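One structure is given here, and the rest of the page talks about it.
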Amino acid sequence: MATRTLWRTRAKLAVAATALCSGAAAAVISSSEDPAMALKLCSTVPVRLYRNSVTAASVAFAVKEAIIAKAVNTANYGTRLVFMYRYLTYYEYSLWGLPEGSTERLRVKHEVHLRSARKLQELCFKNGGIYIKLGQHIGQLEYLVPEEYVQTMRESMLNKCPVSSYDQVCEVFKKELGETPDKIFNEFDPVPIASASLAQVHVARTHDGQKVAVKVQHTHMTDTAAADHATVELIVNTLHWFFPSFDYRWLVDEMRESLPKASCFNSTHGFELDFLLEAKNSVKVLDNFRKLSPHIANYLYAPKVYWNVSTSKLLTMEFIDGAQVNDVKTIKKLGIRPDEVAKLVSQAFAEMMFKHGFVHCDPHAANLLVRPLPFGKRSLLGKREPQLILLDHGLYKELDFTTRFNYASLWKALIFADANAIKENSIKLGAGEDLYALFAGILTMRPWNRVIDPAADHLVIKGTDGDRSEIQMYASQYFSQISELLRRLPRVILLMLKTNDCLRSVTNALGSSPETFLIIGKVSSKAVIEAKLSQNKSFFRYLSVWFEELCLEARLFSIQIFLWFLQMRKALTWST
């Protein structure tokens, strides 16, 4: 009886939301300056609202707190709530009566997770756009969500998403350049080599023989993004109405900044969909490395842009062969050590965050390629140095001086296990005196006792089942505090958290080691010292900073010696 009542209530809520959307749609069409576009938009909204209203009602009436905790902490997008689609009801009833820890319970649990992950994958593919972004981010969170979800999302969401037809591609070309692809290029492969949430990539050859990659925006993106915004707003407001403490309404504002708006609302495209801005970002990020981090500038590269055949919805770039950054087997075949790639990734993004203040915020595995350093020499052991290729420059964030200084100071404190400095800088970044320890835990995926452990490897996640279970337990235990922390943190810090999740997934695939954290400690510490000098150039200030730098170098050297000792001991253990 109770189950039927819950399903009836869920159905009523879904129908009511759909009816409300239909009334709003009629109002928009009748008052719009572009009724055709408004009609196209409003025909999309009800379908999405129906799907996601069912999701919202499932959350409201079939949820367990522990499961919510895992879901809520999976992403920094408003559409994270879709993660709970059907999964909750499956989970609630499928495990009923099975003894904890029994073989049968583990088997059923695996089947439930796998079935639910495929349902989520199906929903993401149907809705497309920002929903696929959600799926991509879930694939980076192996320490927060069940393995079945991580594997399902990684296999399909990074570059194997649904594709636009060749006719749709031609439509974009005609609208943007006035000709079809076969007229613009000497050769154009109609079958894309990759398809992601917002666009797909085709291989082509210019009339002068240059091989290029052509990124073509999916034709439905402008319309569906506005629908995404409307559906998320309904879900978040509905959940807040049922659970006042579940206040994620700020996510609607966050999405509004990055999603494109339909022309009937007299707004412009969001940042990630303007390919010309993406092209400019790719130039700027390399300029920053040349000017501010010349010591590693040669180890970073972004494909050259062909400006004459690029527009806001078409981007033509140099084609580059390389291994995906998490493809350890291919990286080794190229003669490159995966741990060297991990160190390069850590250093590159630490330089962006702490020194440049201009950060690539979507560094999942499909957006990072590795190739041998051009003109680089082999080592005595025959190994080659890596070069990191940065792709997809649509989502960048600029950090102002104060935020960059405080964030660098926080990471310096985390690396050196300085509890007082962790508290001070976490408060400055908005975590508050009551949640600074939780903020440190979310950044490092380590409990507080490990965060302040003076051991050199205190932040290394060892990848064991015990590690994974411990992190998931904390996510469940501190659900309400996590919700409050995410509500109060500045939007820019939330984006840094998402970037941090992506980088953690990449370095874990390559083999996380204490040395990657030592690199972060070096870059963040030097960024803090440089910032202090730029604020006050007096002699006494210089003397104070010089002494601080001397102490820092001594401390880093001692940590490096300790890490070498650990590596030697590990090597001796393997040999025996």
- Message: Being outside the structural domain of PRO192 (by the TED database), open to solvent by 60 Å² or more (accessible area, probe 1.4 Å), closer than 30 Å to GLU233 by Cα and at pLDDT below 95 is the requirement here; does ASP321 meet it?
- Response: no
- Item | Condition check for ARG371: at pLDDT 95 or above and under 17 Å from TYR301 (Cβ atoms) | yes
- Query: Is at least one residue of segment 275-298 open to solvent by 60 Å² or more (accessible area, probe 1.4 Å), closer than 25 Å to ALA348 by Cα, under 22 Å from the mean Cα position of the chain (by Cα) and modelled with pLDDT under 90?
  - Reply: no
- Among (1) within 19 Å of LYS355 (Cα to Cα); (2) modelled with pLDDT under 75; (3) among the small types (Gly, Ala, Ser), which single condition is ALA527 missing? (2)
- Message: Going residue by residue through segment 440-453, is there one that turns out to be farther than 16 Å from MET353 by Cβ, modelled with pLDDT under 85 and open to solvent by 30 Å² or more (accessible area, probe 1.4 Å)?
- Response: no
- Of these, GLU155, GLU176, which one is under 24 Å from PHE125 (Cβ atoms) and either modelled with pLDDT of 70 or more or in a loop (DSSP other than H, G, I, E, B) (or both)? GLU155
- VAL359 being assigned to a helix (DSSP H, G or I) and open to solvent by less than 10 Å² (accessible area, probe 1.4 Å): no
- Can we say GLN140 is surrounded by 24 or more Cβ atoms within 10 Å (Cβ to Cβ), in a helix (DSSP H, G or I) and either at pLDDT 75 or above or touching a helix residue (DSSP H, G or I) at 6+ places or on another chain (Cβ under 9 Å) (or both)? no
- Note on the structure: Among residues of segment 330-339 being under 24 Å from the mean Cα position of the chain (by Cα) and surrounded by fewer than 16 Cβ atoms within 10 Å (Cβ to Cβ), the residue modelled with the lowest pLDDT is ASP339
- Sole exception among (1) at pLDDT 75 or above; (2) surrounded by fewer than 21 Cβ atoms within 10 Å (Cβ to Cβ); (3) not in a helix (DSSP H, G or I) for ALA421, by number: (3)
- Message: What are the pairs with Cβ atoms under 8 angstrom where one residue, in segment 160-187, is closer than 14 Å to THR311 by Cα and not assigned by the TED database to the domain that holds LYS126 and the other, located anywhere, is open to solvent by 80 Å² or more (accessible area, probe 1.4 Å) and of a type in the set (Asp, Glu)? Sequence gap at least six, or different chains.
- Response: PHE173/GLU179
- Give the residues of segment 179-203 that are over 27 Å from GLN136 (Cα atoms) and not in a loop (DSSP other than H, G, I, E, B), sorted by residue number. PRO181, ASP182, LYS183, ILE184, GLU187, PHE188
- Selection from segment 168-194 of residues within 31 Å of the chain's Cα centre (by Cα) and open to solvent by 80 Å² or more (accessible area, probe 1.4 Å) yields GLU171, VAL191, ILE193
- Given the conditions (1) over 18 Å from TYR478 (Cβ atoms); (2) in contact (Cβ under 8 Å) with a residue 40 or more places away in the chain; (3) not polar (S, T, N, Q), report the number of the one that GLU424 does not fulfil. (2)
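The values are calculated or read from the model by the stated rules, or taken from the named source; none is laboratory data. This is a predicted model, so every value here is computed, not measured. Every residue, glycine among them, receives a Cβ derived from its backbone with ideal geometry; neighbour counts consider all protein chains shown. Ligands, DNA and RNA are excluded from the accessible area calculation, which covers all protein heavy atoms including side chains. Shrake-Rupley method; radii C 1.70, N 1.55, O 1.52, S 1.80 Å.
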